[in-house]
Amino acid sequence: MTRQIFILLILLAAVFTTTQAQKPAPPAEPHDHSHMSKSTESSPAQKYFTDVELINQDGKKVRFYSDVLKGKTVIVNAFFTSCTSVCPPMNRNMEKIQEALGDRVGRDVFLVSMTVDPETDTPARMKEYAKKFHAGSGWIFLTGKKENLDWALYKLGQYVESKDDHQTVLIIGNEPTGLWKKAFGMANVAELVHVVESVVNDKGAAATK
């Protein structure tokens, strides 16, 4: 079993790992089958994450795997703009991570914030929210069709039936090497940066040679 497939299986298992709350039923698979991988040469990551269409804060359509994850190290969180409890401090930590990493953001690592309330969180609303946290070009905010957001979040183990039940977990992944880690989104920023750097600096299989 390759390292990447092993890590992807861990992520898949995370979908079925919940807190004390009852786990949600899986979301319906998107009607748009363009998210399905058609190439026999697709990587395990592409086959797992699929390629649903989402929309960023600038109103641009993007593909979840091809445009957001492929070839990148990402820090992903789930939130919604009208949340007044855990979302502001979690996104404040994302902002602090952005500050700590400096010009590495948008080059070595990318921040990805995905709404769990796409009906309310339009691109314009997401863009205004992003400004509150001084999001730079390396920090993308994603909305889109609910079925597509639900499917993408499900693949990350972050899908919830009610927006208020969303997790306060950061998913930190190095797609090229297949290393993925979780971290509490409101932990000490220095500790979060340490985890992020361990993923960014991962060399994968090459490190074992």
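Would you tally the net charge around Ile171, using a Cβ to Cβ cut-off of less than 11 Å, leaving Ile171 out, and scoring K and R as +1, D and E as -1?
Summing Lys/Arg as +1 and Asp/Glu as -1 gives +3.
Greater than 29 Å separation of Cα atoms is the criterion. Which listed pairs, Lys61/Lys182; Lys127/Lys203; Lys61/Lys203, meet it?
Beyond 29 Å: Lys127/Lys203; Lys61/Lys203.
Can you spot the aspartates and glutamates whose alpha carbon is less than 17 Å from Lys163's alpha carbon? Ignore those fewer than 8 places along the same chain.
Asp117, Glu119, Asp121, Glu147, Asp150
Under the 0.36 nm per residue contour assumption, what length would be gained going from the current alpha-carbon distance of Asp103 and Met186 to full extension?
Extra length from Asp103 to Met186 when fully extended: 27.6 nm.
Bear in mind that the values in this text are calculations on the coordinates, not laboratory data. Given the structure is predicted, the values throughout are model-derived calculations rather than measurements. All Cβ positions, even for glycine, are placed from backbone atoms using ideal geometry, and neighbour counts span all protein chains on display.
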